[in-house]
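Report on one structure; see the data block that follows.
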Amino acid sequence: MISDVIAKINETANQIEGKIIAYRRDFHKYPELGWTEYRTSSLIAKRLVELGYEVKVGTDIIKAEDRMGLPPKEVLEETWERAARQGGELKYMEAMRDGFTGALGLISNGEGPVRAFRFDIDALPIQEIRDEKHHPWKEGFSSVNDGIMHACGHDCHAAIGLGVAEILMSLKDKIKGTIKLIFQPAEEGVRGAKSMVTKGLLDDVKAIIGSHVKEYPVGKIASGLSGYKATTKFDVLIHGKPAHAGGNPQDGNNALVAAATATLNLYAIPRHKDGPTRINVGKLVAGSGRNIIPDKAHMMVETRGSTSALNSYMHEKAINIIKTSCQMQDCTYEIIPMGEAPSGKSDEEMMKLVEETAKEIGGYEVLEGDDSGGSEDFTYMMAKVQENGGKAVNIGIGADKIGQGAHCYDFDVNEEALKKAMVLLSALAFKEIQ
């Protein structure tokens, strides 16, 4: 029967390819940062309802207290208003106010396993290049939101998810069990997945499948992305005491010196014998004037480790250094969590299933593997399903390298990859998972 299903999947994918590309271009034109994806989420919810899905949004899918790196309330309100002006669907946006973005589509057909597919939807704080050589600019769908750009392919992921949704609904009578299509906010900065996991969206899932467009050629896939490093991202606010730098410097408590001392010593944390570790101070802002002892400092810090234990080692050392550096200057400090994710690995059984399915469909070349070296909060979802005895995989989808690559102002993809992705992912919904 699976050959008949694949034939139908290919037929539907060919019919809707133009529509899916149009979705991608629309999302690309109106990018939104994490926790502000009101327009994106509401249009996804609207389309899922039109297709016949049971749809959940807002606090039904997000646990408020487990959101990380939430923008200030005024930013959340400003971006909500912008989304309304740019064509967001108010019916669903109302439930998303104050940063409750994302969407869940459910399709159920009797007894059977619960499977989930995850698609991330947020953009990056990058100004898109304006150049005739850049396809989105040339074709008129480059970002209209200054300083925000889809530079990692999440516009593609959202569109692919809608393509999978349409294909699966056309084959609903052949689905056994339940399908969950999870459109996740705030992946950048690893901020959004945890709040969906703790809300319970993965509690009954037997298998979860993620995917990401990659820079290898269209048609090539990595059957299981692995090597994701655990990470903790946090801000440090250091509070000192101002004083006249010439008249009475002894009365001040220097927050800048505390931050600088911490920074230098953070980079001196001994690396661990058990595996790779990382630390970075990405931003340090301190003080208020040339002749004033700095009374405040703001640090943006992240740690990483090839395992969750190694990341914990780096994080604990970092916090101790920050504490001691502040004590040296009689300053106080606050640690503000901004994002985190555990380490993660795709299951070999799922990787083999992806390879077998790709071979059955035809037109794909499976790569040996892809150890990303970075971090991805899909690992929260993978870990939850694996802890419950299920299986997880994250698939790399070749989309060509156009421009300098991901997280750069000229990032783009070969849109032929969208059909390739939605065909493969849709076929996996009908495979038996041990």
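Would you call P217 more than 19 Å from the chain's Cα centre (by Cα) and within 30 Å of I361 (Cα to Cα)?
Spelling it out, P217 is indeed more than 19 Å from the chain's Cα centre (by Cα) and within 30 Å of I361 (Cα to Cα).
Go through K229, K241 for me and flag whichever is among the basic types (K, R) and closer than 30 Å to L367 by Cβ.
Only one candidate passes the filter, namely K229.
Can you tell me which residue within the stretch 106-128, out of those that are within 18 Å of the chain's Cα centre (by Cα) and not hydrophobic (A, V, I, L, M, F, W, C), is most open to solvent (accessible area, probe 1.4 Å)?
P125
Within the stretch 368-390, work out how many residues are open to solvent by 40 Å² or more (accessible area, probe 1.4 Å) and assigned to a strand (DSSP E or B).
1
Sort out which residues of the stretch 391-409 are in a loop (DSSP other than H, G, I, E, B) and surrounded by fewer than 20 Cβ atoms within 10 Å (Cβ to Cβ), and write them in order of number.
Scanning the stretch 391-409 gives D400, K401, G403, Q404, G405, A406, H407, C408, Y409.
For the stretch 414-433, check the following and say yes or no: at least one residue is among the acidic types (D, E), open to solvent by less than 10 Å² (accessible area, probe 1.4 Å) and under 30 Å from W137 (Cβ atoms).
no
Of all residues in the stretch 284-297, count the ones that are among the basic types (K, R) and crowded, with 20+ Cβ neighbours inside 10 Å.
Counting residues in the stretch 284-297 that are among the basic types (K, R) and crowded, with 20+ Cβ neighbours inside 10 Å gives 0.
Among the residues of the stretch 238-264, write down those that are of a type in the set (V, I, T), closer than 30 Å to G275 by Cβ and touching a residue at least 60 places away in the same chain (Cβ under 8 Å).
Scanning the stretch 238-264 gives a single hit, T261.
Could you tell me how many of the residues in the stretch 153-204 are touching a Phe, Trp or Tyr at 6+ places or on another chain (Cβ under 7 Å) and modelled with pLDDT under 95?
So the answer is 1.
Tell me, yes or no, whether the stretch 324-344 has at least one residue that is in contact (Cβ under 8 Å) with a residue 12 or more places away in the chain and within 25 Å of E432 (Cβ to Cβ).
So far as the stretch 324-344 goes, yes, one or more of its residues are in contact (Cβ under 8 Å) with a residue 12 or more places away in the chain and within 25 Å of E432 (Cβ to Cβ).
Check I336, I321 and return the single one that is of a type in the set (V, I, T), more than 19 Å from F117 (Cβ to Cβ) and surrounded by fewer than 16 Cβ atoms within 10 Å (Cβ to Cβ).
I336
List pairs: first in the stretch 208-237 and at positive phi, second open to solvent by less than 10 Å² (accessible area, probe 1.4 Å) and modelled with pLDDT of 95 or more, Cβ under 7 Å, 6+ apart or cross-chain?
Between residues of the stretch 208-237 that are at positive phi and residues that are open to solvent by less than 10 Å² (accessible area, probe 1.4 Å) and modelled with pLDDT of 95 or more, the close pairs are G219/G398.
Please work out if R304 is buried (at least 20 other Cβ atoms within 10 Å of the Cβ), under 28 Å from the mean Cα position of the chain (by Cα) and within 23 Å of K229 (Cα to Cα).
Spelling it out, R304 is indeed buried (at least 20 other Cβ atoms within 10 Å of the Cβ), under 28 Å from the mean Cα position of the chain (by Cα) and within 23 Å of K229 (Cα to Cα).
Here's the yes/no breakdown for (1) modelled with pLDDT under 95; (2) touching a strand residue (DSSP E or B) at 6+ places or on another chain (Cβ under 7 Å); (3) over 30 Å from N109 (Cα atoms):
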{"site": "D371", "(1), (2), (3)": "yes, yes, yes"}
{"site": "K384", "(1), (2), (3)": "no, no, no"}
{"site": "K391", "(1), (2), (3)": "no, yes, no"}
{"site": "I395", "(1), (2), (3)": "no, yes, no"}
{"site": "G405", "(1), (2), (3)": "yes, no, yes"}
{"site": "D410", "(1), (2), (3)": "no, no, yes"}
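List pairs: first in the stretch 64-84 and under 14 Å from P337 (Cβ atoms), second open to solvent by 70 Å² or more (accessible area, probe 1.4 Å) and not charged (D, E, K, R), Cβ under 7 Å, 6+ apart or cross-chain?
M68/P337
Do you know which residues across the stretch 188-232 are in contact with a helix residue (DSSP H, G or I) (Cβ under 6 Å, 6 or more places away or on another chain), open to solvent by 10 Å² or more (accessible area, probe 1.4 Å) and not in a strand (DSSP E or B)?
K194, V197, T198, V218
Restricting the search to the stretch 21-52, which residues are closer than 16 Å to T79 by Cβ and aliphatic (A, V, I, L, M)?
Listed by number, the residues that qualify are L33, L43.
Looking only at the stretch 129-140, which residues are open to solvent by 30 Å² or more (accessible area, probe 1.4 Å), in a loop (DSSP other than H, G, I, E, B) and of a type outside the set (G, A, S)?
Selection gives I129, R130, D131, E132, K133.
In the stretch 233-283, which residue that is under 18 Å from H315 (Cα atoms), open to solvent by 20 Å² or more (accessible area, probe 1.4 Å) and among the polar types (S, T, N, Q) is nearest to the chain's Cα centre (by Cα)?
N280
Could you tell me whether L48 is touching a Ser or Thr at 6+ places or on another chain (Cβ under 9 Å) and modelled with pLDDT of 95 or more?
Here the answer is no, as L48 does not meet what is asked.
Please determine, by comparing only the residues of the stretch 141-158 that are without any contact (Cβ under 8 Å) to a residue 60 or more places away in the chain and not in a helix (DSSP H, G or I), which one is nearest to the chain's Cα centre (by Cα).
G147
The values are calculated or read from the model by the stated rules, or taken from the named source; none is laboratory data. All figures in this text were calculated on a predicted structure; none of them were measured in a lab. With ideal geometry, Cβ positions are generated from the backbone for all residues, glycine too; neighbour counts draw on all protein chains shown. For the accessible areas, the whole protein counts, side chains as well, though only heavy atoms, and no ligand, DNA or RNA atoms are used. Shrake-Rupley method; radii C 1.70, N 1.55, O 1.52, S 1.80 Å.
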